[in-house]
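Working notes, beginning with the structure itself.
The values are calculated or read from the model by the stated rules, or taken from the named source; none is laboratory data. Everything numeric in this text was worked out from a predicted model, so none of it was measured. When we count neighbours, we look across all protein chains shown, and the Cβ atoms used for this are built from the backbone with ideal geometry, even at glycine. When the accessible area is computed, the model is the full protein with side chains, heavy atoms only, and any ligands, DNA or RNA have been set aside. Shrake-Rupley method; radii C 1.70, N 1.55, O 1.52, S 1.80 Å.
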Amino acid sequence: MTMQAFGKSQGGTRREDMRFLTGQGRYLADIAPANALHGVFLRAPVAHARITALDVEDARALPGIRAILTGADLIAMGVTASVYAITLPDTRGGKGAAPHRPILAHDVMRHVGEPVALVVAETREQALDALDAITLDYDELPVSLALSPGGAEIHHEAPGNLALDWRLGDADAVADAFARAAHITTLDVRQNRVTAASIEPRAAMAEWDNGRLHMAFNGQGVWRLKTELAKALSLDPDAVHVTTPDVGGGFGMKVMVYPEHYALAAAARALDAPILWVAERGESIASDNGARDLTSTAELALDADHKIIGYRVRSTTNLGAYNSQFGQNIQTVLFSKVLTGVYDIPVADLHVQAVYTNTTPVDAYRGAGRPEAVTLLERTLDMAARELGVSPFDLRARNMIAPGSFPYKTPMGETIDVGDFARLLQRAAELGDAAGFAARRAASAEKGLLRGMGLAYYVEAILGDTSENAALEFTDDGGVRLFVGTQSNGQGHETVYARYLAELTGIDEDCIEIVQGDSDRIAQGGGTGGSRSVTVQSTATYQMTRQMVAGFAKFLTRQTGAPFEFEDGIFAAPGTNQRFSLVEAADLARKTGEYDLLRHDARITLDDRCYPNGAHLCEVEIDPETGALRLDRYLAIDDFGNLMHPMLAEGQVHGGIAQGFGQAVMENLALDAEGQILSGSFMDYALPRATDLPMIGFESVPVPSKNNPLGMKGCGEAGTVGALAALSNAALDALWERGVRHVDMPLTPVRVWGWLQEAGA
């Protein structure tokens, strides 16, 4: 049997596009039955307060109101579970703090937007009217927003609001390295708070059918929610069915289990009726988990030859009012573990403190943890190059791990399988015409503009479960269904998976149906997140296909007495004219009663994670009179290993860079001193537009991974991971000649102008 080890890397349009572009997508709001009731949530109007009265009786009496659930009602119903979150080991012993997070706040409100009550009505308008009739009285409590331990207590389980103290590395060895360093660079970096702003806000629908819960939600995987709903409602897991329709963007934010899911399920059970909830945009900004929001100090020790001999990080990260669902939001330090896989850093000391504040929980966003860690080190490296008076290209190249050193074990315990970082860096310099930058800077100066070049080299790791399932069944009409454990949020999974299966098997791509997002039809899966989907799912499909082909070859040999081999989509017996396609072989199995051959399953586990990496190079122009920044050039040279679909990979890079540009230049979830959201709508929360971005250059320089048989590495978050540092470095480079020595995101005109005025003064 001969089979391809990976896809042919052919481009082409997406099979999903016709459905989406002609308005035939089936999003959450499209799938609700006509008789569905409508739910809306009463949310905390202040950041911190003790509830003294919650009177819903007048609201319950209004026309069309079917139910109003409060925290007390849920407790009476026996629904007392805490919203799902996890903790990590703490240097003080045991694990970090684990305060209870109620589904509906019933004693204390801890952030603006926290759900307090669920109103269910026959129409959405009736439900909204009822909100105005609810009386919510409260005594305000002191608000804590500081990114440092201390301040007004939010949870008694966390004195000083310190949720977690976490450390990794060799502090003594790092101290020794700094003591003998020829040069030390220190940089403080504040990384701003952002929201995902997915085109489709969060939404869910709950219904009960003969004692069984069906929850539909627009998430990134169905199994965690299934597990948590079963626990919270004291149900057998088989009594919970979770599905996901088309999803209009997730970016990590929709991975989470949210309070609304539990409340809707409880209300639907009480009413025995379907209930639909779709968030409004302002509601999403106030209640979606946010991202970033941390401050760090990075220190880099170098010897006289400009080699890095030690790296030290101190970070304080905002956890929000409650624990996160990805390890108390310490991804910055966790991914510093990976980051030492680009540079040959012998010792590192990483220390993070996670603190509670009166804000929405802070958790995942495209590339969570990786952009924070990359931005911190790459900005510090850039500053070191400035202080040393050397080229930022040369300083990085001097410290990169040599190709012959792989597999390379970092001082943090990560083992990077392969890499050729210097080659990608050199390609960025060539294709980005770094040599011609001085002329372009001079041309900008003639127009009164400041031009800067920014460089960043990133490495990340695919995240989530390194195991995945794939199943295939042949249908009576000659088609096949491929069951996958991931969940598309708009990335084009249907196209990639169907095309790859067609390449492996010879089955017509148009005859392949991709089934995802259904816990009844797919028993297990890792969902989508952390750039894992195509790498892990395609490996499972590959293994499943190998097993299927071997099974059919044995079957055909039994039927005909001739040995069959599979090549280019056809079973053939050497020396005979007998030939079968897979579909024909399946039809023969059906006719002969070999029904076990009509379905095939496989579960795989990757040998280890994969490590996408690459160089981002950009140039910006800044108008010193207004502080306005314009992105003029952007280039991404990426190593994603073997590409399944180059066009879709490039599209993911473009989207990631756009998100990175948004955070770096304009996005900011701003709060006032009382925790009220100042940028709670798209009138205030700025998003990038097409006119803000130039044509983005992209080139794939693959170094196939050795940790999976397909040689892939993942690409979904790479654009964002590299963009923040590249853009920040470019802005500082543009402003440096005017005396500006520090910038932080977002690089808004008023902030840039202010830095210029301070430097001039």
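Some observations on this one:
- With the simple spin-label model, which puts each label point 7 Å out from Cα in the Cβ direction, the MET695 to ASP596 separation comes to 5.8 nm.
- Counted charge near ASP632, where neighbours are those whose Cβ lies closer than 14 Å (Asp, Glu -1; Lys, Arg +1): 0
- Projecting the Cα atoms of VAL240, LEU294, SER315 onto the dipole axis of segment 202-332, where Lys and Arg carry +1 and Asp and Glu carry -1 at the beta carbon, places SER315 farthest toward the positive end.
- Candidate cross-link partners of LYS95 among the aspartates and glutamates, defined by an alpha-carbon separation under 14 Å and a same-chain spacing of 8 or more, comprise GLU157, ASP165.
- Label reach from ARG423 (point 7 Å along Cα→C-beta): in segment 672-711, amide nitrogens under 17 Å belong to 699-707, 711.
- Interchain or long-range residues, amide H under 5 Å from ARG43's placed H: VAL116
- Across segment 190-199, coupling constants 3J(HN,Hα) worked out from phi with the 6.51/-1.76/1.60 Karplus curve, θ = phi - 60°, read 9, 10, 6, 7, 9, 10, 5, 6, 4, 4 Hz, and Gly and Pro carry x.
- Of (i) 35; (ii) 29; (iii) 23, the label for percent of Cα pairs over 44 Å apart derived from the coordinates: (ii)
- Here each label is just a point 7 Å from Cα along the line to Cβ, and for THR626 and ARG50 those points are 5.2 nm apart.
- Sequence-distant aspartates and glutamates (8 or more away, or on other chains) whose Cα lies within less than 16 Å of LYS554: GLU565, GLU567, GLU584, ASP587, GLU594, ASP596
- The residues packed around ARG50, meaning those with a beta-carbon under 12 Å from its beta-carbon, carry a net charge of -3 if Lys and Arg are +1 and Asp and Glu are -1.
- Accessible surface of the chain [probe 1.4 Å, protein heavy atoms]: carbon and sulfur percent: 50
- Computed FRET value (nearest 0.05) for HIS100 with ALA175, which takes r as the C-beta separation and R₀ as 25 Å: 0.05
- For segment 80-92, backbone phi angles converted through the Karplus equation (6.51, -1.76, 1.60; θ = phi - 60°) give residue-by-residue couplings of 10, 5, 7, 4, 4, 7, 10, 10, 10, x, 10, 5, 7 Hz, Gly and Pro being listed as x.
- Computed lengthening from ILE184 to ASP58, 0.36 nm per intervening residue step minus Cα-Cα distance: 38.8 nm
- Placing pseudo-labels 7 Å out from each Cα toward the beta carbon at ASP272 and GLU565 gives an inter-label distance of 6.5 nm.
- If the segment from ARG481 to ASP132 were pulled out straight at 0.36 nm per residue, it would be longer than the present Cα-Cα gap by 120.8 nm.
- Charge dipole of segment 606-760 about the Cα centre (unit charges at C-beta), most positive-ward option of ALA670, GLN757, LEU727: LEU727
- Calculated FRET efficiency for the pair ASP518/THR557, C-beta based, R₀ 45 Å, to 0.05: 0.80
- Residue among PRO142, LEU229, VAL112 farthest towards the positive dipole end of the chain, charges placed on Cβ: LEU229
- Karplus-derived 3J(HN,Hα) values for segment 601-615, using 6.51 cos²θ - 1.76 cosθ + 1.60 with θ = phi - 60°, are 10, 8, 10, 10, 10, 5, 4, 6, 6, 10, 10, x, 7, x, 10 Hz; glycine and proline are entered as x.
- Dipole magnitude for the chain: computed about the Cα centre from +1 point charges on Lys and Arg Cβ and -1 point charges on Asp and Glu Cβ, it is near 1280 debye.
- For ILE309, the accessible surface of its heavy atoms amounts to roughly 20 Å² (probe 1.4 Å, protein chains only, rounded to the nearest 10).
- Estimated purely from DSSP H runs of n ≥ 4, each contributing -39500 (n - 2.57), the mean residue ellipticity at 222 nm for the chain is -9000 deg cm²/dmol once divided by its residues.
- Full extension of the chain between ASP394 and ASP17 gives 131.3 nm of extra length, using 0.36 nm per residue less the Cα-Cα distance.
- In a DSSP loop and with at most 14 other Cβ atoms within 10 Å, the trypsin sites (Lys or Arg not before Pro) in segment 169-252 are ARG180.
- For GLU430 and THR576, the FRET efficiency from 1/(1 + (r/R0)^6), where r spans their Cβ atoms and R0 equals 56 Å, is about 0.55.
- Value of relative contact order over the chain, rounded to a whole percent, pairs C-alpha under 8 Å and six or more apart: 15
- Legend: residue pairs LYS307/LYS706; LYS231/LYS254; LYS254/LYS307, Cα-Cα distance threshold 32 Å; pairs beyond threshold, LYS254/LYS307.
- Probe 1.4 Å, accessible area per residue of the chain, Å²: 36
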